[in-house]
Amino acid sequence: MKFSDLSEKDLMMAYKGYKMLKETGAVGNNDFGGIFRKAIDEYGIQNPGFGVINATNELMLAIAEKWVAERELANSMLSPGDTLWYTDEDTGGIERAVVCTVQYKDGKLYSFSAEFPDSDDFDEFVGSALGRCFFRSETQAKLRISHQE
């Protein structure tokens, strides 16, 4: 099992399995989809006696790599063609946007324009909209919406 290949939902389930193991000393096939238990068993076959240790290490590595990739993406310069995620505070919805133009002044994002392919819309925004209502990943947008509710 490669944790890095899991969906975000399954990775979260694996983490919950890990937490259960840490708190109770056991995790079963029916706990949180059995994902972490399956990983323990697979890593135990590969290296007997080290299933828990190897599954835990691989899970933490996958989570850390995902976290670092999200932060690197958030801190990189915006470019035409980049995909952003727009959060609508009024509806609680999230919409995909594709960057068309970008303007930087003194090394800071001044403005950008984006088209919304799913609604056939287009608009221009001030640079400060990035990180406020536009996000580099759908995960970040979902977190923003969930914290507003």
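The values are calculated or read from the model by the stated rules, or taken from the named source; none is laboratory data. Keep in mind the model is a prediction, meaning the values are calculated, not measured. Every residue, glycine as well, gets a Cβ built from its backbone with ideal geometry; the counts of neighbours run over all protein chains shown. Side chains are part of the model used for accessible areas, which takes the heavy atoms of the whole protein and leaves out ligands, DNA and RNA. Shrake-Rupley method; radii C 1.70, N 1.55, O 1.52, S 1.80 Å.
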Among the stretch 1-26, those whose backbone N falls under 14 Å of a label point 7 Å along Cα→Cβ from Asn47 are 1
Where Cys133, Cys100 fall by accessible area, highest first, once all protein chains stay in place (1.4 Å): Cys100, Cys133
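Share of antiparallel DSSP beta bridges in the chain, in percent to the nearest 5?
95
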Residues meeting the amide H criterion for Tyr104 (H placed from the backbone, H to H distance under 5 Å, 5 or more places apart or on another chain) are Tyr110
Which order do the peptides 41-51, 57-67 take when ranked by the mean count of other beta-carbon atoms within 10 Å per residue, highest first? 57-67, 41-51
Convex hull volume per residue for the stretch 81-149, taking Cα atoms only, in Å³: 83
Heavy-atom surface of the chain, accessible at 1.4 Å and reported per residue (Å²): 63
Keeping the other protein chains in place, figure out the carbon and sulfur percent of the accessible area of the stretch 73-149, with a 1.4 Å probe. 47
What angle do you read, to the nearest 10 degrees and between 0 and 90, between the alpha-carbon axis of helix 8-24 and the longest principal axis of the chain? 40
Check the chain and count each lysine pair with an alpha-carbon distance under 22 angstrom, considering only pairs eight or more places apart or from different chains. 19
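Tell me, in nm to one decimal, what length is gained between Phe116 and Ala26 on full extension, where the rule is 0.36 nm per residue of separation less the Cα-Cα distance?
Fully extending the segment from Phe116 to Ala26 adds 27.7 nm.
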Fraction of alpha-carbon pairs over 20 Å apart in the chain - percent: 58
Rounded to the nearest 0.05, FRET efficiency between Glu65 and Thr91 (Cβ-Cβ, R0 41 Å) equals 0.80
